[in-house]
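Colleague: So that we are looking at the same thing, I have put the structure below in structure tokens.
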Amino acid sequence: MKKIILRVLMVICTAVSFFLLLTSVISLKINDTQAMGKAVINRVVADSDNPNLKDGVRFLEVSGLEQTLLKQLPKKYQVEMSYADLYRACEKYNEQGKLTPKDLNLSSKTKLEEIINEYIVKQINHKLKEKSDEVYHAISSYEYSIFVVALLFLLAAILIAFGRASASVPLAIASVGSFMALWIAANDITTVLQANVYSGLRVTLSQGVWIGLIVGLATTILWPILLKVTKEMKKILFVCHGNICRSPMAEAIMQYLIKQNGLEDQYVAESKATTQDALGRGIDPRAQRELEKNRMPYDRGHRASQMTAKDYDEYEYLICMDEENFADMNRITGGDAQRKEHKLLEFAGSYDDVDDPWYTNDFDTAYQEIYKGCEGLIKKLKEDK
């Protein structure tokens, strides 16, 4: 249940990041519209060859009507466009070869506002036309980017739903890519408008864009960490008669092979006895020498313990060394309804016993057989991964 809740939360975070980055806006802000209006009028006059226009503007200045008209403008001016709005503007430009005030969400209540908006759009269109080849490629890239971003967010959500740590890769690319597209668009528009319309124009990213980026990056970083922290380790129990020779050797070998095969975040090996004959004792010195001879690390603080019926539910595999162990283990667990109980050499393709070296004194053969069985088990674990 914890895994499901975690995945649902992470998918929601991914969706929130996508929604904010797609729908949050970049804002065109003008804090002094009268100064901008005056600047636009001066630029219009300077760009015009019509002497009547220049005389008319001069008359408006002298008569004070110009100031009256400028006062009709709102004190502050703000236009907002989202990633989706920019995409629609790109489509309009491709269709019409130019943009209109409506395409850029520019509205006007007075004639002067209309003139200013048309002049802003004129400058943008002029710049777009001036660099038509670059603009064509940029717009094409921008149009495709929105679909790529959507697919990356979708891929990230699917990978999270299936518990894959690799979801962080498409999520990071999508979050940063969306943010950078808006950032670059805001900077480019600011540069054009400040150079050609009014130096006091500013295009900024809204809080929603920043929050979308933060949520996306936070999910990117936290997802693999939380996945690892909440991952339930699968436990393997090795069982022998006294838990001082064969099973602790199997535990040591299996722990080594688990680490060598990069499975240490998924599996852990432990060992116990079927009897109370050697409870509390450490690993037999002969077994220790065999492990050390093969440079196999082992738990020097090991103390023999007996398995209980509860172990059946706690462990993924319960693996014994011989037929006698199997019978004792099956008696303790009360049966093997889930097919968890095995003899070690089953994983090496044999039903032979690993003879008890306590009696045979052949620890070398016991070690080799245990190693072979553990290798077979590792192969199965990797196939089941």
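Laboratory data are not the source of any read-out in this text; all were calculated from the coordinates shown. Since the model is a prediction, treat every value here as computed from it, not as a measurement. Cβ atoms come from the backbone with ideal geometry, glycine included; neighbour counts cover every protein chain shown.
Colleague: Per residue of region 298-303, what does 6.51 cos²θ - 1.76 cosθ + 1.60 with θ = phi - 60° give for ³J(HN,Hα)? Whole Hz please, x for Gly and Pro, Karplus curve as stated.
Modeller: Computed from phi, the couplings for region 298-303 are 8, 7, 6, x, 4, 9 Hz.
Colleague: Ranking 17, 305, 168 by Cβ neighbours within 10 Å, fewest first, what do you get?
Modeller: Details: 17 27, 305 15, 168 21.
Ranking 17, 305, 168 by Cβ neighbours within 10 Å, fewest first, gives 305, 168, 17.
Colleague: May I ask you to list the GluC sites (Glu not before Pro) in region 307-385 that are in a DSSP loop and have at most 10 other Cβ atoms within 10 Å of their Cβ? Kindly include the intermediate steps, with their values, before the conclusion.
Modeller: Details: sites: 314, 316, 323, 324, 341, 346, 369, 375, 383; in loops: 316.
Within region 307-385, no GluC sites (Glu not before Pro) qualify (loop, at most 10 other Cβ atoms within 10 Å).
Colleague: Also: Please arrange 238, 162 by how many other C-beta atoms lie within 10 Å of their C-beta, fewest to most.
Modeller: In increasing order of surrounding Cβ atoms, one gets 162, 238.
Colleague: A further question on this structure: Would you please give the residues with an amide H less than 5 Å from that of residue 234, counting only those at least 5 places away or on a separate chain, with H modeled from the backbone geometry?
Modeller: Under 5 Å from the amide H of residue 234 lie the amide H atoms of 267, 268, each far enough along the sequence or on another chain.
Colleague: Let me ask another. With θ set to phi - 60°, apply the Karplus curve 6.51 cos²θ - 1.76 cosθ + 1.60 along region 320-333 and write out the HN-Hα couplings as whole Hz, x wherever there is a Gly or Pro.
Modeller: Karplus values, whole Hz, x for Gly and Pro: 10, 9, 8, 4, 4, 4, 4, 5, 5, 4, 5, 5, 5, 7.
Colleague: Tell me whether region 234-384 comes out rounded, prolate or oblate; compute the Cα gyration tensor, take square roots of the eigenvalues as a ≥ b ≥ c, and use a/c under 1.5 as the rounded threshold. Provide the component values of the computation, followed by the final result.
Modeller: Working: a/c = 1.35, a/b = 1.06, b/c = 1.27.
Judged from the Cα gyration tensor, region 234-384 comes out rounded (a/c under 1.5).
Colleague: Hey, if you put +1 on the Cβ of every Lys and Arg and -1 on every Asp and Glu Cβ in region 209-300, which of 257, 219, 291 ends up farthest toward the positive end of that dipole?
Modeller: 291
Colleague: How large is the Kirkwood hydrodynamic radius of region 316-385, in angstrom, based on all distinct alpha carbon pairs?
Modeller: With all distinct Cα pairs of region 316-385 included, I get 12.8 Å.
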